[in-house]
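Engineer: My questions all concern the structure below.
The values are calculated or read from the model by the stated rules, or taken from the named source; none is laboratory data. All values reported here derive from a predicted model rather than from experimental measurement. Cβ: placed from backbone, ideal geometry, glycine included. Neighbour counts: every protein chain shown. Ligands, DNA and RNA are excluded from the accessible area calculation, which covers all protein heavy atoms including side chains. Shrake-Rupley method; radii C 1.70, N 1.55, O 1.52, S 1.80 Å.
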Amino acid sequence: MTAEEQAAIRDTRAGNPDAFAVLVRLHSRSLYRVAVRILGHPARAEDVVQETFLRAYRALDRFQERGEVWPWLRRIATNAAIDELRRSRREAPLDAEDRDEELTAAPHPASSEPSPDRRTASAEVGRAARRALATLSPDERAAFVMRHVEGCSIAEISRALGKRENATKQSIFRAVRKLRRSLVAWTEVCREELA
Amino acid sequence: MKSWRDEDLILHLYGEHPRGGELERDLAARPELRERFEALRRDLAAFGELEAPEPRPGLEERVWARLRPQLRPQLAGARSRPGRSGMGELAPRRGWRFAAVAAALTLALIGAYLFGRLSVAPAPPASSSPSASAERPFSAAARERILRASVADHLESSSLLLTDLAHASADQNLGDERVWAASLLAENRLYRRAAERAGQRRIVALLGELEPFLVELANGTAADDVPALQHRMNQNDLLFKVRVVGSRLQPNNL
């Protein structure tokens, strides 16, 4: 924990809620990136960032035994994002095509000045990736994004999701199987385009 | 010769296979295994770095502006409330359990309302695309009934909570009520949005009035603010309004 974070937590707990603004300033963007990758929806990701800080504030008295602020916040954000993902899917099935802004999946390494064909292929891969991600369950999506994109270990993901490591592994396996099935046709096309 | 499954290759790709050394040796020695591993790597590379869009400028300011009104000063010693352990804090009472179940059921209904459609056939025709599942929109009248019934249930739960609070003693620990309020808050926001979309102004107004109260109750930390909460509730006639509107929305009063 940095000295700045330490002071912010100490002052907040001493009765000064304004000191909490330091954590908001330091971690909002990183939390946003975690949330938007799990949700694929910028506006909802911003709501998740706010919800994360609210939960963190309310749980601040239980933070004392934890050493690092960022993993703690990330765990709260992950759970808040999963809650939001479940809620949004109850309201309406996710439809990647309906979203205003979306994640873009980086294609295979390309030259610094991609040709129109490459850009088209990249866009196709991005769309295919979004469709594929939208087929995952909230737990599968969260586990996959945390492992594949965020680089979290399975042990970390298990702690964040409140699951046993075997269950987390199964979520990742299922996610990879689904993603590969969804992507197989597109990746073949893309490979030819980028060759 | 060891038969490696796809799951083994996935774990190895992420550097988490417990026998990674053995698998690595097999990858070097067996072209067909290496080809499977490379295919996996290529497929997942399609996701590469999932590039998150940058937030709109001013994210931190927006988050803080929305967050700050919900933060109440933390009180020293609040984490060691007498007579209640950390688990006890979360132990649901009967009313809370009822409210949680009711909220879950009504949330499902309101979700269907919000998007005006309901799956009516589990298996789409063979010619349909996966996204074109057999869905049929509710009629406007049916959606209105669902909204009203859902809000009525929500207001009934809210009324139980407010009644509980109205009868709380000045020094009562509000741990259960705070958990309950937090559970109602999410539903309240959802129903308010649904009511806005449906042009139900009275419902919107009441839920808009209820929301900050639920926020305050859910996020409070002190035991000594019971009188303040009761005062605010009485000042706004909140319990009365919730009961009246809830009663009017009950199906037998429609």
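Engineer: Output the residues belonging to the stretch A:28-77 that are open to solvent by 50 Å² or more (accessible area, probe 1.4 Å), facing chain B (nearest Cβ under 10 Å) and modelled with pLDDT of 85 or more.
Structural biologist: A:Arg29, A:Arg33, A:Asp47, A:Glu51, A:Arg55, A:Arg58
Engineer: Something else now. Just checking, which of B:Glu54, B:Glu16, B:Glu61 is surrounded by fewer than 17 Cβ atoms within 10 Å (Cβ to Cβ), in a helix (DSSP H, G or I) and either modelled with pLDDT of 55 or more or touching a Gly at 6+ places or on another chain (Cβ under 6 Å) (or both)?
Structural biologist: After applying the criteria, what remains is B:Glu61.
Engineer: Take B:Gly208 and tell me if it is open to solvent by 30 Å² or more (accessible area, probe 1.4 Å) and small (Gly, Ala, Ser).
Structural biologist: Working: open to solvent by 30 Å² or more (accessible area, probe 1.4 Å): yes; small (Gly, Ala, Ser): yes.
So B:Gly208 fits the description; yes.
Engineer: On to the next question. Here are A:Phe144, A:Phe173: which of them is at pLDDT 80 or above, buried (at least 20 other Cβ atoms within 10 Å of the Cβ) and among the aromatic types (Phe, Trp, Tyr)?
Structural biologist: Testing whether each residue is at pLDDT 80 or above, buried (at least 20 other Cβ atoms within 10 Å of the Cβ) and among the aromatic types (Phe, Trp, Tyr) leaves just A:Phe144.
Engineer: Could you list, in sequence order, the residues of the stretch A:58-78 that are closer than 18 Å to A:Thr2 by Cα and of a type in the set (Ser, Thr, Tyr)?
Structural biologist: None - no residue of the stretch A:58-78 is closer than 18 Å to A:Thr2 by Cα and of a type in the set (Ser, Thr, Tyr), so the list stays empty.
Engineer: Restricted to the stretch A:130-184, and to residues that are among the hydroxyl-bearing types (Ser, Thr, Tyr) and more than 19 Å from A:Trp70 (Cβ to Cβ), which residue is farthest from the chain's Cα centre (by Cα)?
Structural biologist: For the stretch A:130-184, the residue satisfying everything is A:Ser182.
Engineer: When only residues in the stretch A:1-18 that are closer than 18 Å to A:Arg62 by Cβ and among the aliphatic types (A, V, I, L, M) count, which is surrounded by the most Cβ atoms within 10 Å (Cβ to Cβ)?
Structural biologist: A:Ala8
Engineer: When the stretch A:1-57 is examined, which residues are found to be over 12 Å from the mean Cα position of the chain (by Cα), over 18 Å from A:Arg75 (Cα atoms) and not in a helix (DSSP H, G or I)?
Structural biologist: Within the stretch A:1-57, A:Thr2, A:Ala14, A:Gly15, A:Asn16 qualify.
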